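Please read the structure below before turning to the comments.
The values are calculated or read from the model by the stated rules, or taken from the named source; none is laboratory data. Note that this is a predicted model, so its numbers are computed, not measured. Note that each Cβ is placed from the backbone with ideal geometry, even for glycine, and that neighbours are counted across all protein chains shown.
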Amino acid sequence: MKKILLSLALVATALAFASCTDDEPNQEQSVKETIQGKDLINWTIKAADNTTNYVETADYTFNIERTKNEATVSVLAQGVQFDTHMPFKVSFRMEDIKASAFDDNFVRFKAESVKFYDPETGEENAKYKLTNVRGYVDKKNNVYSLDYTVNGTWRVLVCNSTVSSRVTDNDYTVPSELYYTYKIDVANRKAEVFIYNVQFTVGGATSPVLKKISIPNLDVEFTTLDYSELTDVDDIEDNGAEPVIKLTGDNIVPIYYTGENLDQATPYPALVVTNFKSVLNIAIGYHAIYFNAHGGEHYSTAPNNNLYLWNNGPASNPIH
């Protein structure tokens with residue numbers, strides 16, 4: 001009888017121990033997400049002289065694992081060239097980069113150095129060294145960006161091919177303020193700029209608010225220029241100081257959008273656009289735009305972090 005009682009006691013103790021280890025009440029639950037960013041602008045710049053080296057589209061996949069208090073990010077890059085002389089494209093992984101801020105909708109991450117892993121074998125490729133890695137993923141608004149340097153030679157800037165200037169709380173569902181969206185066709189080096197909630201003043205007359213217009217068929221140049229002292233976009237002079245996307249065009253008939261969903265497009269020849277110039281610095285989120293239309297001019301600059309594409313701008317409810 002004593003042996004039976006002893007056995008039952010041992011079983012009870014074992015069950016209690018198993019319950020404590022397998023179902024910890026305070027154990028943090030982990031959430032894993034795979035987010036695909038397709039057809040992103042992949043822009044390579046030579047770090048030595050800050051000149052554009054290679055521009056293409058590429059696919060990046062962001063794997064995020066987060067708990068309540070921390071998050072890590074792994075990045076898969078597929079089919080990337082760093083130099084025009086490379087005879088092949090490479091694919092690689094960046095593993096376990098710590099997030100500096102995150103919530104349910106976004107993650108911001110950075111690392112001084114990251115190893116270059118072969119995605120097929122999982123082995124490190126020591127030929128490539130990745131440094132100064134910064135990234136941002138916003139799954140709610142489908143915004144992706146990445147900045148990293150390869151072997152201290154090539155700086156790679158990655159972002160969406162469509163980017164917008166910021167609106168309040170980054171909520172584009174019912175915006176009422178003036179903002180811009182730049183849609184860039186990398187393959188054909190063309191762009192279309194959409195302007196929302198804009199009014200034009202010519203002399204003493206002011207137009208009604210135009211909810212949405214666009215300026216199509218703009219020429220695109222990936223270049224470098226200095227605009228640190230810029231007071232007018234017309235004064236821009238190239239000196240290789242900053243990497244920017246430069247848009248230009250002349251004698252363009254804009255498109256006016258109406259309808260409940262602003263999807264009914266009509267050419268607007270009364271507002272022909274001339275002398276169009278715009279610059280976008282994707283690394284710091286700056287943009288400036290200038291053009292003439294119907295005898296008047298439209299000019300706007302925005303401070304750094306105003307373009308909603310980069311990882312050092314504001315984000316909602318960050319957790320540090």
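Some notes on this structure:
- Whichever residue in the stretch 208-240 is modelled with pLDDT of 50 or more, within 29 Å of residue 270 (Cβ to Cβ) and not in a strand (DSSP E or B) and, among such residues, is nearest to the chain's Cα centre (by Cα): 209
- Which listed residue, of 119, 175, is outside the structural domain of residue 38 (by TED's automatic domain parsing) and either modelled with pLDDT under 90 or not aromatic (Phe, Trp, Tyr) (or both): 175
- Residue, nearest to the chain's Cα centre (by Cα), within the stretch 91-145, restricted to residues that are within 20 Å of residue 159 (Cβ to Cβ) and not in a strand (DSSP E or B): 142
- Check on residue 134, assigned by TED's automatic domain parsing to the domain that holds residue 45 and either charged (D, E, K, R) or closer than 24 Å to residue 85 by Cβ (or both): yes
- Tabulated pairs, the stretch 103-118, first surrounded by 14 or more Cβ atoms within 10 Å (Cβ to Cβ), second assigned to a strand (DSSP E or B) and of a type in the set (Lys, Arg), C-beta under 6 angstrom, 6+ apart or interchain: 110/134; 117/93
- Options 88, 82; residue that is buried (at least 17 other Cβ atoms within 10 Å of the Cβ) and in a loop (DSSP other than H, G, I, E, B): 82
- Hits in the stretch 19-49 - residues which are farther than 20 Å from residue 86 by Cβ and either modelled with pLDDT of 80 or more or surrounded by 13 or more Cβ atoms within 10 Å (Cβ to Cβ) (or both): 29, 30, 31, 32, 33, 34, 35, 36, 37, 38, 39
- Qualifying positions in the stretch 178-207 - part of a loop (DSSP other than H, G, I, E, B) and modelled with pLDDT under 90: 199, 200, 203, 204, 207
- Among the residues of the stretch 56-70, those identified as within 19 Å of the chain's Cα centre (by Cα) and crowded, with 19+ Cβ neighbours inside 10 Å are 58, 60, 62, 64.
- Test: residue in the stretch 282-289 that is at pLDDT 90 or above, at negative phi and in contact with a strand residue (DSSP E or B) (Cβ under 6 Å, 6 or more places away or on another chain): yes
Conditions (1) touching a residue at least 24 places away in the same chain (Cβ under 8 Å); (2) surrounded by 19 or more Cβ atoms within 10 Å (Cβ to Cβ); (3) not assigned by TED's automatic domain parsing to the domain that holds residue 297, marked per residue:
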residue	(1), (2), (3)
169	yes, no, no
180	yes, yes, no
184	yes, yes, no
188	no, no, no
194	no, yes, no
201	yes, no, no
206	no, no, no
210	yes, no, no
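- Flag for residue 53 being in a strand (DSSP E or B), closer than 29 Å to residue 280 by Cβ, in the same structural domain as residue 120 (by TED's automatic domain parsing) and within 17 Å of the chain's Cα centre (by Cα): no
- The single condition among (1) farther than 30 Å from residue 300 by Cβ; (2) among the small types (Gly, Ala, Ser); (3) surrounded by fewer than 16 Cβ atoms within 10 Å (Cβ to Cβ); (4) without any contact (Cβ under 8 Å) to a residue 60 or more places away in the chain that residue 176 does not satisfy is (1).
- Answer residue from the stretch 245-284, given it is more than 29 Å from the chain's Cα centre (by Cα) and hydroxyl-bearing (Ser, Thr, Tyr) and is surrounded by the most Cβ atoms within 10 Å (Cβ to Cβ) among those: 268
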